[in-house]
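Quick notes on the structure that follows.
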Amino acid sequence: MDPLRRAAVELLMEWEKRGSKLDPLFFRRTQGLGPRERGFVRELVYGVVRWLLRLDHVIAQHSKVKPQRMERAVLAALRVGAYQLLFLDQVPPWAAVSEMVEVVKGMGKGQAAGFVNAVLRAIAEGGEGKLPDREENPQEYLSIAFSHPGWVVEDWFKRWGLEETERLCAANNLIPPLTIRVNTLLGEREELLGRLALEGRRAYPTPYSPWGLILQDEEGFTESELFKEGWFQVQDEGAQLISMLLSPEPGERVLELCAAPGGKATHMAQMMGGRGEVVAVDISPEKLSLLKENCRRLRITNVKAERYDARGPLPFSPESFDRVLVDAPCTGLGVLRRNPDGKWRVKEEDVKRLSELQFEILQEGARMLKRGGVLLYSTCTLTREENEGVVERLLEKGDFQLLEPPLSLPPSFFTQEGHFLSLPHRHGTDGFFAALLKKG
């Protein structure tokens, strides 16, 4: 029995039972593995989670027992086996089938070994089977073919139509690159490129952010001397553009709400040249510890981490900040390529609940902003209710106006209303929404 395949099955069972975030669980369960072994388990686990709905559709076509009625261990083993058969060309079909049969036996489910063998052999011989018709049932087709929840597909389909929703869903299933941001307090991007090359690491500049680099060699980057010395921070290019939109100036006082673990706070501190102050507020002590550690590693001294509930009332004087960034908690539908478990963890009813929370936080941020100051509302999700809907509620109060899109970014980043919107299939970044507002 292959212990790595068994580890993948057990990890998937625990994830489904807990309903928690996948990343912490994966790192905890794979700590004792070497890089190659951990990489293989990661491929199996994240691949299954990424393609979960499609895999279950295939399994259902080759089994008389529906997936929802199977034992958790049996279903997890079938999913891992089906993923290997359909998506991993380097794994011979006979190995995918026989190894999963042995895993089931090793887990004390020997009575199901024949069933697992029959289903996986049928998939190996018959392939995926039929998908819903793309023209007759486009939303069902998108949901199953690209493994996205039906309610998400329905929302995007109404907004963007078939072709663009299909491209977005397809992009969400691609493994994203590792993107970093140079610490300009230590040097410029070209200098970091040269230093990375001396470490034997290949990288190339991001197309939109002047601070970003895409690493082509990810393994062991956090162990590199450049990382330890604070030369860079891991941050998606889209997230880097959020700080660019707010454009804090040296000497200003800036507030970020929901700031941890500090990617944007440390970026703004760099943009300010270490002069002025960034007050970074978050409710989580664990995440604030990460923020402080990032500041220490990046040698940033002008970020002040504060633990408060961003809904307020905050203990700062009203109208005492030059700029405010509300980095609101959200459903995270813009970062599914990095967090595929978010497809299944987030529920439709979360949208309404989070939009109310977002508006509470936005109002508190607005209260902290000086007259004539600039506020940036940002999320990493793609629902109108959490994005445009929240901004419109603030604009209705009459104290704010939407600012014109900056000329520093291509028009493709902005909606007809003038909101920032980065999308994986358009820009190769994670999905971010932002609205730049000025207080009258």
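Residues checked against (1) part of a helix (DSSP H, G or I); (2) over 21 Å from the mean Cα position of the chain (by Cα); (3) acidic (D, E):
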position: A260; (1), (2), (3): no, no, no
position: G273; (1), (2), (3): no, yes, no
position: E286; (1), (2), (3): yes, no, yes
position: E293; (1), (2), (3): yes, yes, yes
position: R297; (1), (2), (3): yes, yes, no
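Residues in the range 17-26 that are out of contact with any Leu (no Cβ under 8 Å at 6 or more places or on another chain), closer than 20 Å to F40 by Cα and surrounded by 11 or more Cβ atoms within 10 Å (Cβ to Cβ): K21, L22, D23.
Just give me the residues in the range 324-336 being in a loop (DSSP other than H, G, I, E, B) and touching an Asp or Glu at 6+ places or on another chain (Cβ under 7 Å), in sequence order.
C330, T331, G334, V335
Within the range 403-420, the set of residues being touching a residue at least 24 places away in the same chain (Cβ under 8 Å), of a type outside the set (F, W, Y) and under 17 Å from T206 (Cα atoms) comprises S408, L409, P410.
For (1) more than 19 Å from C330 (Cα to Cα); (2) out of contact with any strand residue (DSSP E or B) (no Cβ under 6 Å at 6 or more places or on another chain), each residue gets a yes or a no:
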| site | (1), (2) |
| --- | --- |
| S243 | no, yes |
| E252 | yes, no |
| V279 | yes, no |
| D282 | no, yes |
| L290 | yes, yes |
| C295 | yes, no |
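Every condition in (1) over 21 Å from the mean Cα position of the chain (by Cα); (2) surrounded by 19 or more Cβ atoms within 10 Å (Cβ to Cβ) holds for E249 except the one numbered (2).
Scanning the range 402-427 for residues that are in contact with a Leu (Cβ under 9 Å, 6 or more places away or on another chain), over 21 Å from E386 (Cα atoms) and either of a type in the set (A, V, I, L, M) or not assigned by TED's automatic domain parsing to the domain that holds D327 (or both) yields one hit, L409. Of the residues examined, R167 is one that is in a helix (DSSP H, G or I) and at pLDDT 95 or above. The C-beta contact set for the range 183-204 (first residue farther than 19 Å from D217 by Cβ, second residue among the basic types (K, R) and not in a helix (DSSP H, G or I), distance under 7 angstrom, 6+ apart or interchain) comprises L185/R299.
Of V254, V234, all but one fail to be surrounded by fewer than 17 Cβ atoms within 10 Å (Cβ to Cβ) and of a type in the set (V, I, T); the exception is V234. Would it be correct to say that L33 is within 20 Å of I175 (Cα to Cα) and either touching a helix residue (DSSP H, G or I) at 6+ places or on another chain (Cβ under 7 Å) or not in a helix (DSSP H, G or I) (or both)? Criteria not met by L33. Total residues in the range 376-409 satisfying the condition of being among the acidic types (D, E) and either under 15 Å from T331 (Cα atoms) or not in a loop (DSSP other than H, G, I, E, B) (or both): the figure is 4.
Residue count for the range 278-296, restricted to those that are exposed (fewer than 13 other Cβ atoms within 10 Å of the Cβ) and under 27 Å from G251 (Cβ atoms): 2.
Test each condition in (1) in contact with a helix residue (DSSP H, G or I) (Cβ under 7 Å, 6 or more places away or on another chain); (2) outside any helix (DSSP H, G or I); (3) more than 20 Å from R345 (Cβ to Cβ) for F157 and report the one that comes out false. The single condition F157 does not satisfy is (2). Scanning the range 71-111 for residues that are more than 16 Å from L55 (Cβ to Cβ), surrounded by fewer than 21 Cβ atoms within 10 Å (Cβ to Cβ) and not charged (D, E, K, R) yields Q90, P92, W94, A95, S98, G106, M107, G108, G110, Q111. Take the range 211-221 and flag every residue that is assigned to a loop (DSSP other than H, G, I, E, B) and of a type in the set (G, A, S). Result: G220, single match.
Among the residues of the range 178-210, those identified as assigned to a loop (DSSP other than H, G, I, E, B) and either buried (at least 19 other Cβ atoms within 10 Å of the Cβ) or in contact with a Lys or Arg (Cβ under 9 Å, 6 or more places away or on another chain) (or both) are N183, L185, L186, G187, R201, T206, Y208, S209, P210. Of all residues assigned to the range 380-395, at least one qualifies as being buried (at least 24 other Cβ atoms within 10 Å of the Cβ), more than 23 Å from T179 (Cα to Cα), free of Cβ contacts under 8 Å to residues at least 60 places away in the same chain and of a type in the set (D, E, K, R).
The values are calculated or read from the model by the stated rules, or taken from the named source; none is laboratory data. Owing to the predicted nature of the structure, the values given are computational and were not obtained by experimental measurement. Neighbour counts are summed over all protein chains in view; Cβ atoms, including those assigned to glycine, are modelled from backbone coordinates with ideal geometry.
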